[in-house]
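One structure below.
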Amino acid sequence: MSPADPSADLQLLEAVACRDASAVAALYDRHARTLYSLIYRILRDAGEAEDVLQEVFMRVWEKAETYDAVLGSPMAWLVRIARNRAIDRLRARQSRPVTTSSADDGADLRMFDLPDRSPGPERQTSASEEQRAIAEALSRLAPEQRVLIEHAYFMGMTQSELAAHFKLPLGTVKTRIRTGMLTMREHLQHLV
């Protein structure tokens, strides 16, 4: 299975919907690194990013039957779940009071490290190529589109928050993001 093969992802999602646990593991192996990178970029905390990544795949297990191919590729669905979960976690973190703790507050948690599920060199190369392609597509956008998309997807800002932050009408924000996303889709067609 090629890591960038949406038909393979579709088959795996169908298997997950039929309660095939090995299909979730295969999806995890194929996409965990990319999703973790997105989640980490939003949260800036490795531990929380790992937690959210696990939540994403629990959500996939629970809701695989709700996936609708008309709304986008399986990877787009996974990215949307990951982004939404990360933003939810970010907002929850911001609403909690900040507490300080000493370095001796807990036991050494290294014994709880997850086993290394690092993908092989082929998947790493593919993920790296995908990241470069996305960065290139972002760089080709008009600056007013790129800034809004980066703030929305990597900082978790809503369209209303973007409108207030950049002092733009909400309709302008929506149009720029939609136009930018359509442009990116064109530049990234080769990944599908």
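The values are calculated or read from the model by the stated rules, or taken from the named source; none is laboratory data. Quantities reported herein were computed from a predicted structural model and do not represent experimental measurements. As a convention, Cβ positions derive from the backbone with ideal geometry for all residues, glycine included, and neighbour counts pool all protein chains shown.
Summary table below
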| quantity | calculated |
| --- | --- |
| Flag for Ala163 being assigned to a helix (DSSP H, G or I), surrounded by fewer than 17 Cβ atoms within 10 Å (Cβ to Cβ) and without any contact (Cβ under 8 Å) to a residue 40 or more places away in the chain | no |
| Count of the stretch 65-85 residues which are within 16 Å of Asp5 (Cβ to Cβ), surrounded by fewer than 18 Cβ atoms within 10 Å (Cβ to Cβ) and among the hydrophobic types (A, V, I, L, M, F, W, C) | 2 |
| Selection from the stretch 60-88 of residues that are of a type in the set (Lys, Arg) and under 13 Å from the mean Cα position of the chain (by Cα) | Arg80, Arg83, Arg85 |
| Residue that is part of a helix (DSSP H, G or I) and in contact with a helix residue (DSSP H, G or I) (Cβ under 6 Å, 6 or more places away or on another chain), where the choices are Val147, Val173 | Val173 |
| Boolean, Ala76 is hydrophobic (A, V, I, L, M, F, W, C) and modelled with pLDDT of 90 or more | no |
| Of all residues making up the stretch 117-144, the number that are modelled with pLDDT under 75 and not in a helix (DSSP H, G or I) | 4 |
| Any hit, the stretch 31-43, residues being over 23 Å from Gln131 (Cα atoms) and either among the charged types (D, E, K, R) or touching a Lys or Arg at 6+ places or on another chain (Cβ under 8 Å) (or both) | no |
| Residue in the stretch 12-19 that is charged (D, E, K, R) and in a loop (DSSP other than H, G, I, E, B) present | yes |
| Hey, Leu114 outside the structural domain of Ala49 (by TED's automatic domain parsing), at pLDDT 90 or above and within 22 Å of the chain's Cα centre (by Cα) or not | no |
| Hits in the stretch 148-161 (condition: at pLDDT below 90, of a type in the set (A, V, I, L, M, F, W, C) and either over 25 Å from Arg30 (Cβ atoms) or more than 21 Å from the chain's Cα centre (by Cα) (or both)) | Ala152, Met155, Met157 |
| So Ala21, is it of a type outside the set (Val, Ile, Thr) and either assigned by TED's automatic domain parsing to the domain that holds Gln189 or in contact with an Asp or Glu (Cβ under 6 Å, 6 or more places away or on another chain) (or both) | no |
